[in-house]
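The values are calculated or read from the model by the stated rules, or taken from the named source; none is laboratory data. Only a predicted model underlies this, so the values are computations on that prediction, with no experimental measurement involved. Note that each Cβ is placed from the backbone with ideal geometry, even for glycine, and that neighbours are counted across all protein chains shown. In case anyone asks, the SASA skips ligands and DNA or RNA and just uses the protein heavy atoms, side chains included. Shrake-Rupley method; radii C 1.70, N 1.55, O 1.52, S 1.80 Å.
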Amino acid sequence: MIAFDITKPLLVFGGPYSNLQATQALRGCAQALTIPAVNVICTGDIVAYCAAPEETARLIAEWGCHVIQGNCEQQLAVAAEDCACNFEDGTECAALAKGWYPYANARLSDDMRAWMSGLPETLRFTYAGRTFRVVHGGTAVVNRWVFQSERDVLAEEVALSGADITIAGHSGIPYLRRVGGRVWFNPGVIGMPANDGTADVWYGLIREIDGEMVLSTHRLAYDHHSAAAAMRRSGHANGYARTLITGLWPSLDILPPAEREATGKRIRPRTMRIGAGTAAKSRAESEAA
Ligand SMILES: [Fe+2]
């Protein structure tokens with residue numbers, strides 16, 4: 001049973017990816033919004049591409065927010081040979097993973113591996129009268145890519161999840177999608193930009209305002225130059241170091257055609273309001289960027 005402070009919003013985010021500067025900025029953001037750790041939820045992949053695996057994991061653990069395992073935690077907890085990110089052989093992402101994964105695996109303490117192995121695979125809770133489920137990639141498959149353009153995949157996933165609102169991570173691009181009477185909410189990741197040509201990273205908020213549930217995605221600017229410089233100093237995964245500056249992914253291999261087409265196009269923050277009653281009454285609308 002999860003006990004939230006129901007007077008405060010929930011802050012949700014994915015993929016810190018060993019990006020210490022972005023994780024510090026997000027924690028500062030939560031403090032500025034006076035959101036306590038008990039209302040903060042991370043969808044996993046704390047350790048991945050960037051320069052500070054141990055420090056980022058310790059910062060999240062010490063923060064005390066809710067965290068589920070991503071594929072990276074599952075692999076690192078047992079010091080496995082690769083990240084199980086579901087990159088196809090021969091792709092740029094698969095090649096880059098041969099740089100960052102051994103780097104992270106060599107720097108993670110036994111304490112942090114033990115902490116990761118004890119994290120749950122999913123969370124279920126009720127907030128403001130609606131049921132929620134938190135997953136990493138797909139509901140049943142931790143490393144499934146679930147993108148907003150893939151309606152059939154989304155329909156399958158919301159049915160499997162069974163919750164009014166599913167909070168998911170792994171795929172790295174923020175979106176809100178209504179599927180039938182349910183909602184799939186990927187708040188994006190804070191460890192890498194969203195391939196929209198900006199260096200900003202993303203998180204989400206869940207609030208109840210005047211009886212309506214309000215879900216929203218938000219940009220977060222942070223000291224990305226320091227994060228990129230730390231990666232260059234470490235000498236690994238330089239393709240991702242460039243991404244921190246340019247906001248463009250080093251490879252589009254995992255993206256469906258629609259998301260690939262959106263490369264370099266600035267993503268607008270989104271807000272979805274779900275009226276009192278059922279999720280089927282929800283509507284999506286743009287929020288001023
Ligand atoms: Fe992942």
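How many residues does the range 233-245 hold that are closer than 13 Å to Tyr103 by Cβ and part of a helix (DSSP H, G or I)?
Qualifying residue count for the region: 5.
Scan the range 178-196 residue by residue and report those that are open to solvent by 10 Å² or more (accessible area, probe 1.4 Å) and without any contact (Cβ under 8 Å) to a residue 40 or more places away in the chain.
If the condition is that a residue be open to solvent by 10 Å² or more (accessible area, probe 1.4 Å) and without any contact (Cβ under 8 Å) to a residue 40 or more places away in the chain, then Val179 is the only one that fits.
Can you give me the number of residues within the range 54-86 that are within 16 Å of the ligand (Cβ to nearest atom) and within 17 Å of the chain's Cα centre (by Cα)?
15
Do we find that Pro174 is within 23 Å of Cys65 (Cα to Cα), of a type outside the set (Asp, Glu), touching a residue at least 24 places away in the same chain (Cβ under 8 Å) and crowded, with 22+ Cβ neighbours inside 10 Å in this structure?
Yes, satisfied.
Inside the range 206-217, can you point out the residues that are farther than 11 Å from Ala128 by Cα and open to solvent by 30 Å² or more (accessible area, probe 1.4 Å)?
Asp210
Does Ser109 qualify as being closer than 18 Å to Ile46 by Cα, touching a residue at least 12 places away in the same chain (Cβ under 8 Å) and among the hydroxyl-bearing types (Ser, Thr, Tyr)?
Spelling it out, Ser109 is indeed closer than 18 Å to Ile46 by Cα, touching a residue at least 12 places away in the same chain (Cβ under 8 Å) and among the hydroxyl-bearing types (Ser, Thr, Tyr).
Name the pairs whose Cβ atoms lie under 6 Å apart, with the first residue in the range 214-242 and under 30 Å from Leu33 (Cα atoms) and among the hydroxyl-bearing types (Ser, Thr, Tyr), the second open to solvent by 40 Å² or more (accessible area, probe 1.4 Å) and part of a helix (DSSP H, G or I), and 6 or more positions between them or separate chains?
Cβ pairs passing all conditions: Tyr222/Gln21; Ser226/Gln21.
Hey, which of the strands (runs of 3 or more DSSP E) in the range 106-174, taking only ones fully inside, have at least 2 residues that are more than 16 Å from the ligand (Cβ to nearest atom)?
Strands (runs of 3 or more DSSP E) meeting the threshold: 123-127, 130-134.
Where residues in the range 34-53 are touching a Leu at 6+ places or on another chain (Cβ under 7 Å) and in contact (Cβ under 8 Å) with a residue 40 or more places away in the chain, which of them is nearest to the ligand (Cβ to nearest atom)?
Val47
How many residues does the range 121-157 hold that are closer than 19 Å to Gly188 by Cβ and among the small types (Gly, Ala, Ser)?
Qualifying residue count, the range 121-157: 3.
Taking the conditions exactly as written (at positive phi and not polar (S, T, N, Q)), does Asp5 satisfy them or not?
No: the conditions fail for Asp5.
Of the residues Ala221, Ala199, Ala229, which single one is open to solvent by 10 Å² or more (accessible area, probe 1.4 Å) and more than 20 Å from Ile267 (Cβ to Cβ)?
Working: Ala221 fails: more than 20 Å from Ile267 (Cβ to Cβ); Ala199 fails: more than 20 Å from Ile267 (Cβ to Cβ).
Selected residue: Ala229, the only one of Ala221, Ala199, Ala229 that is open to solvent by 10 Å² or more (accessible area, probe 1.4 Å) and more than 20 Å from Ile267 (Cβ to Cβ).
If you go through the range 102-122, how many residues are surrounded by fewer than 18 Cβ atoms within 10 Å (Cβ to Cβ) and in contact with a strand residue (DSSP E or B) (Cβ under 7 Å, 6 or more places away or on another chain)?
The qualifying residues number 1.
Per-residue answers, yes or no, for (1) surrounded by 24 or more Cβ atoms within 10 Å (Cβ to Cβ); (2) in contact (Cβ under 8 Å) with a residue 24 or more places away in the chain; (3) over 19 Å from the mean Cα position of the chain (by Cα):
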| position | (1), (2), (3) |
| --- | --- |
| Ala128 | no, yes, yes |
| Ala140 | no, no, no |
| Phe147 | no, yes, no |
| Val153 | no, no, no |
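Yes or no: the range 251-260 includes at least one residue that is open to solvent by less than 60 Å² (accessible area, probe 1.4 Å), in contact with a Leu (Cβ under 9 Å, 6 or more places away or on another chain) and at pLDDT 95 or above.
For the range 251-260, residues open to solvent by less than 60 Å² (accessible area, probe 1.4 Å), in contact with a Leu (Cβ under 9 Å, 6 or more places away or on another chain) and at pLDDT 95 or above: present.
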